[in-house]
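Let me begin by presenting the structure, written as structure tokens, before commenting on it.
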Amino acid sequence: MQTLIQTFITRRGDLLTALWQHLGISIAALVIAMVIAIPLAIWAVRRPKMAEGLLQLTSVLQTIPSLALLGLLIPLVGIGTVPAVIALVIYALLPIFQNTYLGISEIDDSIEEAADAFGMSRMRKLFKVEIPIALPQIISGIRTALVLIIGTATLAALIGAGGLGTFIMLGIDRNNTPLLLIGAISSALLAIVLSALVRWFQTAKPKQALTVFAVIVALLGGGGAYSLYASRTETITIAGKLGSEPEILINMYKELIEASDAHVKVALKPNFGKTTFLFSALKHNQIDIYPEFTGSVLETLVKGNNPKSMTATETYKLAKQRLAKQDDLSLLKPMAYNNTYALAVTKQFKQEHHLKTISDLTQVDSLLKPGMTLEFIDRDDGLKGLKKAYGLDVTAKSMEPALRYEAISKGRINLVDAYSTDSELRQYNLAILKDDKHFFPTYQGAPLMSTNFANKHPQVVKALNKLAGKISETDMQEMNYEVNVKKASAATVAHKYLVTHGLLEGGN
């Protein structure tokens, strides 16, 4: 409990930002869903066949897995808030449409006949009789949709839309229970509070309801107006993938850039998403810079056959050339360390079976119980290609990155994929097996940006090039360990490295 309280105090500023983002996305999605679903349901009341079709359609849309839906939307509208809101609207349509339709269509016929006998017009009967009677059921549908939206909105963090999901994803990635609990509890409390507020609107006096609604709109609108105003001044946006290492790097970028020009404002978006999400955001000008790896560029982001056994220099030159030609992007000079893929086992397992290289695994095929990330299992430069190159006959369980390390420490699995700079290698006393056939490509990190941005900001390029050839694998693993295990902030660790190595003058 003490750790949870301390984490909450330390992260209260980030939590407030995430809460505001989550609230904005959720309210926007709910309002849009209501504007679509309620009029559509009213229109469909007198068209039963059409209503049945619409109910089937909204039901089918709700069965689409959220991650799949987000993946389908990204090529169409990019990443960030827009696809998140669209996905949430789609999920909210069914409960609002269904409850509105049933609430009005199930009104007793005698009440409808009485309204007609009084000579009420269609619209007057709708607003004076049907909607008031159906209102409790409509409100119930809205509350159901709201709870659904708030829960699903946590996935917005995977595509750079922020929100409370950032805490949950970060907690899972770093095996940090307090962060996970803060995100989950805050999401649950937000759902309870907003659900109660919707319920209050049903019973409140019209003037009170309108006043509260106006305040909410003013707050949300004011925040949006301020964001638009702030965006008038140039801000360099730097994003990072999930994990401690990208967050450390983007904090280094921020400090180096701001130290080179006191008039530049840098905004950070840590834990923005996976490789393809960031690449898409960069090409759509939603971010300006993010740290990428030379091997990831060649294996995932650009087209073309890659020669085998390239040196680090050859890998960088080819990645830089293809990015410039295919996407008009600039990959700056890389850092020293090679954060390559690796296979790891416990030191005890290694000693018991006399393992030194990946080739040695063929001698213990029947004993292997691999647990690996889904990305590694599916990549040609991952398990797919590895099995061919080494003649391995293994089937791996797919696991979240942090969970696979926990599983191997508890003996549930005995082989994991790893990055050579992972802090968990030290934390769980694991040993990397030598890639004796040089299968894995070189993965050196370097800032990636558009060529247009690089040409317009030579000072930024010069500042970031200070990291070229710096940071060893030992340095990076130690910094990851400080963040993941010792719970130091990524900003503090980044600043310490820059000052210690003379890349930045000392300070607080």
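Where a number appears in this text, it was derived from the coordinates with a stated rule and is not lab data. Every value quoted in this text rests on a predicted model; they were computed, and no experiment measured them. All Cβ positions, glycine included, derive from the backbone under ideal geometry; neighbour counts span all protein chains shown.
A few remarks follow.
- Within region 111-172, chymotrypsin sites (Phe, Trp or Tyr not before Pro) in DSSP loop having at most 15 other beta-carbon neighbours inside 10 Å: Phe118
- A Förster distance of 22 Å, applied to the separation of the beta-carbon atoms of Ile131 and Val77, puts the FRET efficiency at 0.05.
- Residue separation of Ser309 and Gln56 scaled by 0.36 nm, minus their Cα-Cα distance, works out to 85.7 nm of gained length.
- Local electrostatic count at Phe279 - Lys and Arg +1, Asp and Glu -1, tallied over other residues with Cβ under 11 Å: +1
- If the Kirkwood radius is taken over C-alpha pairs of region 1-151, then at 25 °C and 0.890 mPa s the Stokes-Einstein diffusion coefficient equals 139 µm²/s.
- Fewest-first sequence of Asp288, Asp378, Asp108 by Cβ atoms within 10 Å of each Cβ: Asp108, Asp378, Asp288
- Extension gain, Lys456-Ala389: 0.36 nm per intervening residue step, less the Cα-Cα distance, totals 19.7 nm.
- Of Thr152, Leu170, Ala92, farthest towards positive along the dipole that unit charges on Lys, Arg, Asp, Glu beta carbons give region 2-228: Leu170
- Each residue of region 48-54 was assigned a 3J(HN,Hα) from its phi angle through the Karplus curve 6.51 cos²θ - 1.76 cosθ + 1.60 (θ = phi - 60°); the sequence is x, 5, 5, 4, 4, x, 5 Hz, with glycine and proline shown as x.
- Each of Val394, Val483 was scored by other Cβ atoms within 10 Å of its Cβ. Listed from fewest to most, they are Val394, Val483.
- Low-density loop cleavage sites - trypsin sites (Lys or Arg not before Pro) in region 124-171, where at most 11 other Cβ are within 10 Å (DSSP): none
- Relative contact order (%) - criterion: Cα under 8 Å, at least six apart; region: the chain: 15 percent
- For region 24-36, putting each phi into the Karplus relation 6.51 cos²θ - 1.76 cosθ + 1.60 with θ = phi - 60° gives couplings of x, 4, 5, 5, 4, 5, 5, 4, 5, 4, 5, 4, 7 Hz, in residue order, rounded to whole numbers and with x for Gly and Pro.
- Computed 3J(HN,Hα) for region 260-277, one whole-Hz value per residue from the Karplus formula 6.51 cos²θ - 1.76 cosθ + 1.60 where θ = phi - 60°, is 7, 8, 5, 8, 8, 10, 10, 10, 9, 10, x, 6, 6, x, 7, 3, 5, 5, glycine and proline marked x.
- Proportion of all alpha-carbon pairs of the chain beyond 35 Å (%): 44 percent
- Within the chain, percent of DSSP bridges classed antiparallel, to nearest 5: 60 percent
- Environment charge of Glu106, counting only residues whose C-beta is closer than 13 Å and scoring Lys/Arg +1, Asp/Glu -1: -4
- Sorted fewest first by neighbouring Cβ atoms within 10 angstrom, Tyr91, Tyr428, Tyr290 come out as Tyr428, Tyr91, Tyr290.
- Near the amide H of Gly163, within less than 5 Å, lie the amide hydrogens of Gln21, His22, all on another chain or at least 5 residues away, with H placed in the peptide plane.
- Treating r as the C-beta distance of Gln321 and Leu4 and R0 as 45 Å, the FRET efficiency rounds to 0.35.
- Per-residue extension of 0.36 nm, minus the Cα-Cα distance of Asn429 and Ala68, leaves a gain of 126.3 nm for this segment.
- For region 341-433, the extents of the C-alpha atoms along the principal axes are 31, 28, 22 Å, listed from largest to smallest.
- Here the spin labels are modelled as points 7 Å beyond Cα on the Cα-Cβ line, and at Asp360 and Leu16 they lie 5.4 nm apart.
- Exposure rule at most 11 other beta-carbon atoms within 10 Å, DSSP loop GluC sites (Glu not before Pro): the chain longest free segment: 235-504
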